[in-house]
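Asks: Below you'll find the structure I mean.
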Amino acid sequence: MKMSKYKVLIADDEEQMLMLVGSYLEKEGYETVTAVDGIEVLAQWEQGAFDLVILDIMMPKMDGFTVCEKIREVSKVPIIMLTAKSAELDRIHGLKIGADDYIVKPFSPKELVARVEALLRRSNDFKPGQNVLELGDLSIDLEGHTAKVQGKRINLTRKEFSLLEFFFNHNGQVFSREQLLDHVWGLESTGTLRTVDTHIKTLRIKLGSAGHLIKTVWGVGYKFKD
């Protein structure tokens with residue numbers, strides 16, 4: 001079964017394991033991105049939209065449990081925990097913090113692919129209407145943390161998605177760059193007003209035909225189409 005439209009983030013500190021898992025998924029048509037430690041996982045997560053995450057627990061810099069918790073703060077993307085540990089308490093803890101499945105090394109790559117397919121089917125079957133916001137050709141899925149223009153998914157970073165969601169929720173309101181920095185980046189952010197301008201510009205480009213929805217109010221700031 002080919003599923004080339006799906007993008008999977010694979011995290012493991014063993015290069016051989018990354019190559020093995022990535023190879024099997026790519027043969028089935030998946031696009032894969034890899035990371036070797038917890039910090040790199042989060043950096044990759046920030047850069048693009050993923051449909052599923054495979055997390056090794058015992059990783060340097062930040063373990064898989066912590067990474068799972070951080071991803072769960074912003075997304076319900078399916079997560080499979082991948083580990084050499086077989087203790088029941090580890091499996092229970094992984095599921096309690098938000099993992100959807102748990103597979104113990106050594107494992108059959110074909111079994112892992114089957115679990116990936118099953119999770120993606122269940123994930124795509126669950127599409128509650130109240131969690132999808134739409135305006136013209138643009139729609140954002142609050143559950144999946146994804147955005148589409150004319151039905152085609154666009155690749156947004158976490159901050160770009162947060163900015164777009166904020167505009168959706170305040171349609172027609174004008175915000176200064178200072179206000180956007182406070183609301184979207186947070187009061188303790190080290191970003192500058194230029195950071196807001198840069199993200200607005202990039203977001204407009206990524207939205208393509210829907211980029212016009214973000215209006216510049218000269219001398220004041222920005223607003224979403226009212």
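Asks: What Kirkwood radius, in Å to one decimal, follows from the Cα pairs of the chain?
Replies: Kirkwood radius, the chain: 18.9 Å.
Asks: So, one more: With each run of n ≥ 4 DSSP H residues scored as -39500 (n - 2.57), what mean residue ellipticity at 222 nm is computed for the chain after dividing by its residue count and rounding to the nearest 500 deg cm²/dmol? Numbers along the way, then the final one.
Replies: Working: 8 runs with 89 residues, N = 226.
Mean residue ellipticity, 222 nm, calculated: -12000 deg cm²/dmol.
Asks: Something else now. At 0.36 nm per residue, minus the direct Cα-Cα distance, what do Gln47 and Glu117 gain on full extension? Give it in nm, one decimal, please.
Replies: The span from Gln47 to Glu117 would gain 22.8 nm if fully extended.
Asks: Same structure, new question: What is the dipole size for the chain, taken about its Cα centre, with +1 at each Lys and Arg Cβ and -1 at each Asp and Glu Cβ, in debye to the nearest 20? Could the numbers behind the result be given before it?
Replies: Details: 30 positive and 33 negative charges, 171 e Å.
Around 820 debye, computed over the chain.
Asks: Right, here's the next one. Using 32 Å as the Cα-Cα cut-off, could you pick out the over-long pairs in Lys70/Lys148; Lys61/Lys152; Lys70/Lys223; Lys61/Lys159; Lys96/Lys201; Lys61/Lys96?
Replies: Lys61/Lys152; Lys96/Lys201
Asks: Which of the listed residues, Thr83, Val21, Leu119, is farthest toward the dipole's positive end in region 7-125, when Lys, Arg count +1 and Asp, Glu count -1 at the beta-carbon?
Replies: Sorting the options by dipole projection puts first Leu119.
Asks: How high is the FRET efficiency between Ser108 and Glu31 when r is their beta carbon distance and R₀ equals 22 Å, given to the nearest 0.05?
Replies: Calculated value: 0.50.
Asks: With a 1.4 Å probe and every protein chain left in place, work out the accessible area per residue of region 133-224 in Å², rounded to a whole number.
Replies: 53 Å²
Asks: Pop the C-beta distance of Lys152 and Ile92 into the FRET formula with R0 = 35 Å and round what comes out to the nearest 0.05.
Replies: The computed FRET efficiency comes out at 0.35.
Asks: Could you compute the FRET efficiency for Glu73 and Asn131, with r as their C-beta to C-beta distance and R0 at 22 Å, rounded to 0.05?
Replies: 0.85
Asks: Going toward the positive end of the dipole of the chain, with +1 on Lys and Arg Cβ and -1 on Asp and Glu Cβ, which of Leu142, Leu193, His212 do you reach last?
Replies: His212
Asks: Moving on to the next point. About its Cα centre, how strong a charge dipole does region 1-72 have in debye, to the nearest 20, once Lys and Arg get +1 and Asp and Glu get -1 at the Cβ?
Replies: The calculated dipole for region 1-72 is roughly 360 debye.
The values are calculated or read from the model by the stated rules, or taken from the named source; none is laboratory data. Keep in mind that this is a model prediction, so the values were computed, not measured. Here Cβ is always computed from backbone atoms with ideal geometry, including for glycine, and neighbour counts include all displayed protein chains. Each accessible area value is taken on the protein alone, full model and side chains, heavy atoms only, with ligands, DNA and RNA left out. Shrake-Rupley method; radii C 1.70, N 1.55, O 1.52, S 1.80 Å.
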